[in-house]
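Have a look at the structure below before the remarks.
The values are calculated or read from the model by the stated rules, or taken from the named source; none is laboratory data. None of these values were measured; they are calculated from a predicted model. FYI the Cβ positions are ideal-geometry reconstructions off the backbone, even for glycines, and counts take in every protein chain you see.
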Amino acid sequence: MATPVLADSVVAMNTLAAPAPRRLISDLDLSAASVERLLDLAGRMKRTPLRYAQSLAGRYLSLLFEKPSLRTRLTFELAIKQLGGDAVNYAGPINGREPVRDVARNLDRWTHGIVARVFSHSTVEEIAKWTHVPVINALSDLYHPCQALADVQTLEERFGKLSGLKLAFIGDGNNVAHSLMLTAGRLGVHVAVATPKGYEPNADVTEEAREHGRITITNDPAEALDGAHAVYTDVWASMGQESEAAQRMAAFAPYQVNEEMFSKARPDAVFMHCLPAHRGEEVTDAVIESPRSVVFDQAENRLHAQKALLLMLLS
């Protein structure tokens, strides 16, 4: 006989009312409708976590981390454990002692899903090619879909809606910007990205995002900030770009989100950052520590959004 906890989670899954996705390699692997269902489920799991405590009992995740991680690694490990399952961890180069396809086929036999945080997007694509279990892109050089899910959950909590909001992303047109354009844009958020010349988002990703939502790409922060409900930034040099740090510091200095920059958005605008932040570079202490900063709400929602994602993929 199913326990009440498990029964509640089964009912929750039945209310999704559509086939669940099987993997999340890029943001578009989740349809807009699937993202909306995920956000609804994440909200319910956040409010009543004990209802789902045994939803994935007996399920095990492989966590592969080529890059150091605090939020991604701990929230995925906590997510599966809070749902009754468990995880095994591997940190280091995935394509080292043996080919990626061999690593993938081993994990496919041992665990029920694979979460990979990698340098090259081709690595997570290769893992997905050689496996049958769900594969989750926990960050690659092209996309950061799990971060975007937590971000739209945070925006919806703060403003009570997504459609009609404007999000200004100030800085590097990187993987976070790509995922925000693809995920938030499809949910009715106007995503405006302001970067120095030469650091715009990937042209193919931009074209793809514009097919699904309202996207503005500009070199003028003021244009992006005008009417913005949220101001988002990220580090100027990501892991693997250390050799470009000095060049990037000079190029991005006018794009620092300080109090003057932040004041160009709406008076009720919130500040967002995926963390870790380089305080004094892309953002000042005064902004990230202000009452309108929601960076730790975003970090908390990584856990809840990923719990919902795991339940959708593994249930």
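Among residues of region 234-276 being among the β-branched types (V, I, T) and farther than 27 Å from V118 by Cβ, the one that is nearest to the chain's Cα centre (by Cα) is V270. Among the charged types (D, E, K, R) and surrounded by 18 or more Cβ atoms within 10 Å (Cβ to Cβ) - does that describe any residue in region 78-95? No, region 78-95 contains no residue that is among the charged types (D, E, K, R) and surrounded by 18 or more Cβ atoms within 10 Å (Cβ to Cβ). Here V124 passes the criteria (1) surrounded by 24 or more Cβ atoms within 10 Å (Cβ to Cβ); (2) touching a helix residue (DSSP H, G or I) at 6+ places or on another chain (Cβ under 7 Å) except the one numbered (2).
If you go through region 128-168 and keep only what is without any contact (Cβ under 8 Å) to a residue 40 or more places away in the chain and not assigned by TED's automatic domain parsing to the domain that holds K264, you end up with K129, W130, T131, H132, V133, S140. Is it the case, given these coordinates, that T206 is touching a residue at least 40 places away in the same chain (Cβ under 8 Å) and either in the same structural domain as N258 (by TED's automatic domain parsing) or touching a helix residue (DSSP H, G or I) at 6+ places or on another chain (Cβ under 6 Å) (or both)? Criteria not met by T206.
Give me the residue from region 256-292 that is part of a loop (DSSP other than H, G, I, E, B), in contact (Cβ under 8 Å) with a residue 12 or more places away in the chain and acidic (D, E) and, out of that set, surrounded by the most Cβ atoms within 10 Å (Cβ to Cβ). Steps first, answer last, please.
Of region 256-292, the ones part of a loop (DSSP other than H, G, I, E, B) are 256, 258, 263-269, 274-278, 280-282, 284, 289-292.
Then keep just the ones that are in contact (Cβ under 8 Å) with a residue 12 or more places away in the chain; that gives 256, 258, 264-266, 268-269, 274-278, 281-282, 284, 290, 292.
The next check asks that each one be acidic (D, E); those that pass are 268, 281-282.
On the way: D268: 9, E281: 18, E282: 24.
Among residues in region 256-292 that are part of a loop (DSSP other than H, G, I, E, B), in contact (Cβ under 8 Å) with a residue 12 or more places away in the chain and acidic (D, E), the one surrounded by the most Cβ atoms within 10 Å (Cβ to Cβ) is E282.
Counting just the residues of region 154-178 that are among the polar types (S, T, N, Q), out of contact with any Gly (no Cβ under 9 Å at 6 or more places or on another chain) and farther than 20 Å from M261 by Cβ, which one comes out surrounded by the most Cβ atoms within 10 Å (Cβ to Cβ)?
Kept after step one, since they are among the polar types (S, T, N, Q), are these residues of region 154-178: 154, 163, 174-175.
Restricting the remaining residues to those that are out of contact with any Gly (no Cβ under 9 Å at 6 or more places or on another chain) gives 154, 174-175.
From what's left, farther than 20 Å from M261 by Cβ: 154, 175.
Numbers: T154: 23, N175: 25.
In this case the residue turns out to be N175.
Of everything listed in (1) part of a loop (DSSP other than H, G, I, E, B); (2) surrounded by 17 or more Cβ atoms within 10 Å (Cβ to Cβ); (3) touching a helix residue (DSSP H, G or I) at 6+ places or on another chain (Cβ under 9 Å), the single unmet condition for V35 is (1). For region 20-32, the set of residues classified as more than 18 Å from L155 (Cβ to Cβ) and either assigned to a helix (DSSP H, G or I) or in contact (Cβ under 8 Å) with a residue 12 or more places away in the chain (or both) consists of A20, P21, R22, R23, L24, I25, S26, L28, D29, listed by residue number.
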